[in-house]
Every structure is written in C-alpha cells, then in structure tokens.
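Notes follow once the structure below has been shown.
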Amino acid sequence: MPELSEKLDRFTALLLSQAAAENERTMQELKEKHDAALSSAEDQILLEAYTYIHGEVSRIRSEQGRKVSRHLLESKQALYRRREEIAGEVFSLVRERIGAFTATPAYADQLRARLQEAAAQLEGAEDLVLYLRSADLSLGEQLREALPGRSLDIRPGPFALGGLILESASLRLRLDASYDTAMEELSGHFASLVGLSLAAPADEIPEEGGAQA
C-alpha cells in the first residue's frame, strides 16, 4: 500500500506540474495577444493623431496663405489708388500753373518764339497753317508779324491748354508745340516714373518745362 500511495503522489505531482505549465503557456499567449492588441490600438491612435495634425497644419497654412494673398492684394490696390490720387494732384497743379502762365505777357512772347522756331523747320513753305486755341486767336496779328514776308493762315486748333501747331501740306510736315501734347507725353513719363499702369486721359498730364520754356 505504501508503494501505491507514493505512485499516486508522483502521478498527482506530474499532473499538477503539467497543469501549471499549460496554465503558464496559456497566460503567456493571452499576454502576447493583449500586448499585440494594445500595440495595434496605440498605432491606430498615433496614425489618427498624425492624420489630424497634418490636416490641421495644411488647413491653417492654406488659410494663412489666403489671408496673406488678400492682404497683399488690398495693399497693392491701396497703393494703386494713392498713386492715382498723386498723379491727379500733380496734373491739377501743372494745369493751374499753365493757366496762370498763359495769362501773362510772357506767354505771347513764347508763342512768337515757338512759331519762329517751327517756321524755320518749314523753310520755303508758302502754305503755313497755324493752329491756336480759341482763347489765343486774338494774338493772330502779333504772330503774323513774327514771320515777315511769309503767308500764314490762322485757324482754331483742337487743343485747349495753349501752345501752337504749325503745318505745311506741301511739305507734309506738322510741328506740334501745344501744351496738350506735352501733357500727354508727361502722362506716360509720370506713369512710368511712379510705377502706374494706368492709361490717363490725354488732357490730364502736363509738362511743366514745356509749358514755361
């Protein structure tokens, strides 16, 4: 009987040992599955977080880009408007100075000098036509005296600020010394100088030097 009891004890110990080992393997497998599941969940959370952050960064960058572009456009438009205002102020001042100059005796002297210069370039022409603004037609006789011995037909010209245009049909030449044309030239020069990309009307831009030369 003692031998049977020992055998039962050994058999029982073996069964318990095998059960413990099996339990250990089962627990290890469960732990590994748990760890794998946890790691997968963490990876998913990290991926979702990265995707969200990346999307937000892109959105913010896009919004800021639009804001910067809008601000730059508004600044350019404000600068453009201010340049137009400055151009208008400059042209208005020049027109005022031209108007004041044409009311002085020096203006008639300048017309005579310009007529003589223009006529010298049309030497030999017997069909000279002088165009003056309507307000200057009263100076016609004085201007004829500036060209003794030459025929001069005086007509109202298509300009308003002052100066003159002299032409000869036979020579097919036309010399424009009007202030209006000088202002057109100043328009392009001023626009280029200050960076304006506007096509100002022809009667909006005077040339100060030409008006008072």
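The values are calculated or read from the model by the stated rules, or taken from the named source; none is laboratory data. Keep in mind it's a predicted model, so treat the numbers as computed, not measured. Note: areas computed on protein heavy atoms with side chains; ligands, DNA, RNA excluded. Shrake-Rupley method; radii C 1.70, N 1.55, O 1.52, S 1.80 Å.
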Q. According to the square roots a ≥ b ≥ c of the eigenvalues of the Cα gyration tensor, what is the shape class of segment 28-99, taking rounded for a/c under 1.5, prolate for a/b larger than b/c otherwise, and oblate for the remainder?
A. prolate
(Q) Please enumerate, by chain and number, the aspartates and glutamates with C-alpha under 16 Å from the C-alpha of Lys76, excluding those fewer than 8 residues away in the same chain. (A) Glu84, Glu85
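Could you tell me what percent of the accessible area of segment 75-188 is made up of carbon and sulfur, with a 1.4 Å probe and every protein chain present?
Numbers: 3260 of 6230 Å².
Accessible surface attributable to carbon and sulfur in segment 75-188 totals 52 percent.
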Q. Taking the alpha-carbon centroid of each part, what is the distance from segment 122-184 to segment 64-78 in angstrom?
A. 52 Å
